[in-house]
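Single-structure report; data block below.
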Amino acid sequence: MKCPRCGVDDDKVIDSRPAREGQAVRRRRECIACDERFTTFEYVEVKTLLVVKRSGHRVGYDRSKILGGIARACEKRPVTLERMEAIADYVERELMRDIAGEVSTREVGELVMSKLRTEDEVAYVRFASVYRSFKDVDEFMSELRHLLDGKEDAGDRS
C-alpha cells in the first residue's frame, strides 16, 4: 500500500479490526520510510451493480453518491457521520441482495428514505423533496401530511 504522504509502498500493519458490520477490515498502517500513519479498508469484491436512471441510462453503483445525498439531507441536523455511514451500509447491503444486478433509482431512493424517516424527519423531508422532485407546494404539503399522519397513527397505539 502506498503511503499517502511520501508514496513509498513499504509499510507495516499496526492494527486490524472488523468494520462496517463485518463487511470490511479496517487496517491502521505505518509507513516504514516516513512514519506516517494512515488507515485502509479492505472489502470483498462484489458483483457489478448497475443503477437504472429515470432516463433509462445505466450507470455503475457509486456508494459515495448515496452518502453524499444523505449528508446533504442531514446538513446541520443531529445525525452523526457514523449514522449516515450506517444508512449507506444498509442501503448497499439491501441492493447487493438483488441477484439481477440492476436496480432503479426509485428503489435506491425509497431505501434511503425509509431509513432517514426513522433517523431524522427533517432530513427525510429534505431528501424526499429532492428525490421526488415535487412540482409544487401542494405535492410537498401532501408528503408532509403523510408524514404527520404516520406520527399520529403511531401515537394512537400508546
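None of the figures in this text is laboratory data; all of them are computed from the coordinates on show. Given the structure is predicted, the values throughout are model-derived calculations rather than measurements. Virtual Cβ from ideal backbone geometry, glycine too; neighbours counted across all protein chains shown.
Brief remarks on what is shown
- In the chain, lysine pairs closer than 27 Å at Cα, eight or more apart or cross-chain: 17
- Dipole of the chain, positive end: most advanced residue of 147, 6, 55 [Cβ charges, Cα centre]: 6
- On Cα atoms only, tilt of 121-131 relative to the major axis of the chain in degrees: 90
- Against the chain, whose longest principal axis is taken from its Cα atoms, helix 137-156 shows a tilt of about 90°.
- The order of 115, 47, 2, going from fewest to most other C-beta atoms within 10 Å of their C-beta, is 47, 2, 115.
- Compared with the alpha-carbon gap, the fully stretched path from residue 83 to residue 23 is longer by 20.0 nm at 0.36 nm per residue.
- Expected 222 nm ellipticity per residue - DSSP helices of 4 or more, -39500 (n - 2.57), all of the chain, to 500: -15000 deg cm²/dmol
- The modelled label-to-label distance between residue 45 and residue 142, using points 7 Å beyond Cα along the C-beta direction, is 4.7 nm.
- Taking Cα atoms only, the orientation of helix 105-119 departs from the longest principal axis of the chain by about 90 degrees.
- Whether the chain is rounded, prolate or oblate, judged on the alpha carbon gyration tensor where a/c under 1.5 counts as rounded: prolate
- R0 of 30 Å, Cβ-Cβ distance residue 52-residue 90: FRET efficiency to nearest 0.05: 0.90
- Ranking of 145, 29, 93, 20 by count of other Cβ atoms within 10 Å, fewest first: 145, 93, 20, 29
- Exposure proxy ranking, count of Cβ atoms within 10 Å, fewest first, for 113, 1, 141: 141, 1, 113
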